Amino acid sequence: MSNTVFPAPAPVLAAIEGSDASFPINRIFCVGRNYLAHAAEMGVSVDKTKQEPFYFTKHPSSYVPSGATIAYPPQTANYHHEMELVVAIGKDGFEVPEEKANELVFGYAAGLDMTRRDLQLKARENGRPWDLGKDFEQSAVMTAIVPVEKTGIISNGKIELAVNGEPRQSSDLSLLIWSVPEIIAHLSKFYHLQAGDVIYTGTPEGVGAVVSGDKITGYIEGLASIELNIA
Ligand code: MN
């Protein structure tokens with residue numbers, strides 16, 4: 001028994017498809033604006049030749065497994081879904097060259113980067129950090145992680161989301177502005193990536209609001225289906 005003044009938080013554990021072992025989540029990184037059509041709907045343009053990718057983070061305790069029913073979050077009137085490919089890192093790496101980046105991949109999952117869009121946009125307007133809009137309780141939804149041995153390296157495939165059965169987002173992973181190896185190579189210049197880190201790779205166009213009682217369903221071809229219910 002360790003001597004702590006209150007109980008230490010339990011580790012955050014994600015399921016692994018086809019395994020009894022779980023995946024302890026270390027850090028949650030998220031890529032901003034990684035599909036041109038989504039950047040455009042957010043009123044910004046992205047020029048890969050002149051810009052670098054950027055990131056925000058979510059606390060691991062914001063993780064929610066697919067299939068959960070969660071409360072509508074506080075202090076927002078514009079609560080958005082963002083359907084994303086999630087990469088689970090299984091090996092430590094720093095300044096990883098792009099051609100070796102896939103060696104760090106443990107597996108992939110489907111994820112929802114749930115967003116308080118009104119708070120994010122207000123922060124953006126004022127040049128303030130996005131935390132209130134992005135990093136809040138129950139905002140990082142994820143399916144079981146599918147090991148790369150089962151999927152192979154993923155670089156394309158449909159990514160789709162519906163709300164109450166009505167299609168909202170539909171794109172293809174091949175339209176990522178920065179590919180998974182490019183993201184790993186870039187992010188690992190700034191952080192010593194560690195086994196247990198996960199990376200939300202960005203959402204395609206079609207983001208929109210959900211309200212209490214809505215059911216979100218999403219799908220990534222050849223990988224997983226995700227579900228989230230708003231109480
Ligand atoms: Mn996102």
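Key figures for this structure:
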quantity: Estimated FRET transfer efficiency when R0 is 45 angstrom, pair Ala21-Glu41 (beta carbons, to 0.05); calculated: 0.70
quantity: Full-stretch length increase - Ala10, Lys215 - with 0.36 nm per residue and alpha-carbon distance subtracted; calculated: 70.9 nm
quantity: 26 Å Cα-Cα threshold exceeded, pairs from Lys50/Lys150; Lys48/Lys158; Lys158/Lys215; Lys91/Lys150; Lys122/Lys189; calculated: Lys50/Lys150; Lys122/Lys189
quantity: Listed residues Arg27, Arg124, Arg168, most fluctuating in the chain (Gaussian network, C-alpha, under 10 Å); calculated: Arg124
quantity: Stretch in the chain that is longest and holds no GluC sites (Glu not before Pro) that DSSP places in a loop and that have at most 16 other beta carbons within 10 Å; calculated: 138-220
quantity: Per-residue HN-Hα couplings for the range 87-101 [Karplus 6.51, -1.76, 1.60; θ = phi - 60°; Hz; x = Gly/Pro]; calculated: 9, 9, 8, x, 9, 5, x, 10, 6, 7, x, 3, 6, 10, 4
quantity: Dipole moment magnitude, nearest 20 debye, the range 111-231 about Cα centre, only Lys, Arg, Asp, Glu C-beta charged; calculated: 240
quantity: Point-to-point label distance, Ser2-Glu99, nm (Cα→Cβ direction, 7 Å offset); calculated: 4.2
quantity: Dipole magnitude (debye, nearest 20) for the chain, charges at Cβ of Lys, Arg, Asp, Glu; calculated: 480
quantity: The range 73-231: C-alpha gyration tensor shape, a/c 1.5 cut-off, then a/b vs b/c; calculated: oblate
quantity: Top of Gly157, Gly202, Gly218 by mean-square fluctuation, Gaussian network on the chain, Cα under 10 Å; calculated: Gly157
quantity: Prolate/oblate/rounded call for the range 12-150, Cα gyration tensor, a/c under 1.5 rounded; calculated: oblate
quantity: Pairwise centroid distance, computed over Cα atoms, of the range 191-225 with the range 11-64, Å; calculated: 8
quantity: Distant-in-sequence amide H partners of Tyr55 (H built 1.01 Å from N, under 5 Å); calculated: Gly32
quantity: Sorted peptide list for 208-215, 109-116, criterion being average Cβ within 10 angstrom, highest first; calculated: 109-116, 208-215
quantity: Percent breakdown of C-alpha pair distances by 10 Å bin, ordered from the shortest bin, for the range 177-231; calculated: 16, 37, 30, 16, 0
quantity: Listed residues Thr151, Thr203, Thr143, most fluctuating in the chain (Gaussian network, C-alpha, under 10 Å); calculated: Thr151
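Quick note: the coordinates plus some simple rules give every number you see, no bench work behind them. Just so it is clear, the model here is predicted, and its values are computed rather than measured. Cβ coordinates were reconstructed from backbone atoms using ideal geometry, including for glycine residues, and neighbour counts include every protein chain displayed.
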